[in-house]
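Each reported figure results from applying straightforward, stated rules to the coordinates on display, with no laboratory input. The model shown is predicted, which means the values in this text are computed figures rather than measured ones. When we count neighbours, we look across all protein chains shown, and the Cβ atoms used for this are built from the backbone with ideal geometry, even at glycine.
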Amino acid sequence: MENKEKSQKQRQRIAVIRVRGVTGVNPRAVKTMEILKLYRKNYCTIIENNESAIGMLNVVKDFVTFGELDKQTFSNLLEKRGRLSGNKKVTPEYIKQHAKIGFSEFVENFITFKSEMKSVPGLKGFFRLNPPKGGFEKKGIKHPFSVGGVLGYRGKEINKLIERML
């Protein structure tokens, strides 16, 4: 039973949001952020919770915040901030036409790993977000979330931050 819970926990989607810029940053961290498609501040990307992703997050933990994504937040993120090539908005009709399933089914399949964002042609792998309404946490963008800042792992709290950034 414990093994089953562990494997299900590993099969989660992680939302990663870039919080800081690249001035004076280690080139390894810059390259890792490029691999994660975090090209600018307030960009968000969705990755799978696996060993290689955790390794990349350890490299960039001082520049990003991350946590487990839920279905409702991903649905809002895709609907409001999803973009196609040419900066066109993603519509439920476009997803239905190209992925051959409805919008809510695509969201459900994505969260349960039955489909990927690549299955919708032209869909960008990152989301451009606004700065959060009400600002970041009290200690700012240079301290970890565990001590009142923004950086690093924040668990389910990432969903509240994304909602404030939409």
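Provide the packing ranking of 22-35, 113-126, i.e. peptides ordered by the mean count of other C-beta atoms within 10 Å per residue, highest first.
Packing proxy ranking, top to bottom: 113-126, 22-35.
Under a cut-off of 20 Å between alpha-carbon atoms, report the lysines in cross-link reach of residue 61, not counting same-chain residues fewer than 8 places apart.
Reachable lysines: 31, 37, 41, 138, 139, 142, 156, 160.
For the chain, what is the mean residue ellipticity at 222 nm derived from helices alone (per DSSP H run of n ≥ 4: -39500 (n - 2.57); sum divided by total residues; nearest 500 deg cm²/dmol)? Write down the numbers at each step before the final one.
Values: 7 runs with 65 residues, N = 166.
Rounded to the nearest 500, the figure is -11000 deg cm²/dmol.
Could you tell me whether the stretch 1-142 comes out rounded, prolate or oblate from its Cα gyration tensor? Rule is a ≥ b ≥ c as square roots of the eigenvalues, rounded for a/c under 1.5, then prolate if a/b exceeds b/c, otherwise oblate.
oblate
Near residue 24, within a Cβ-to-Cβ distance under 14 Å, what is the net charge of the other residues, with Lys and Arg +1 and Asp and Glu -1?
+2
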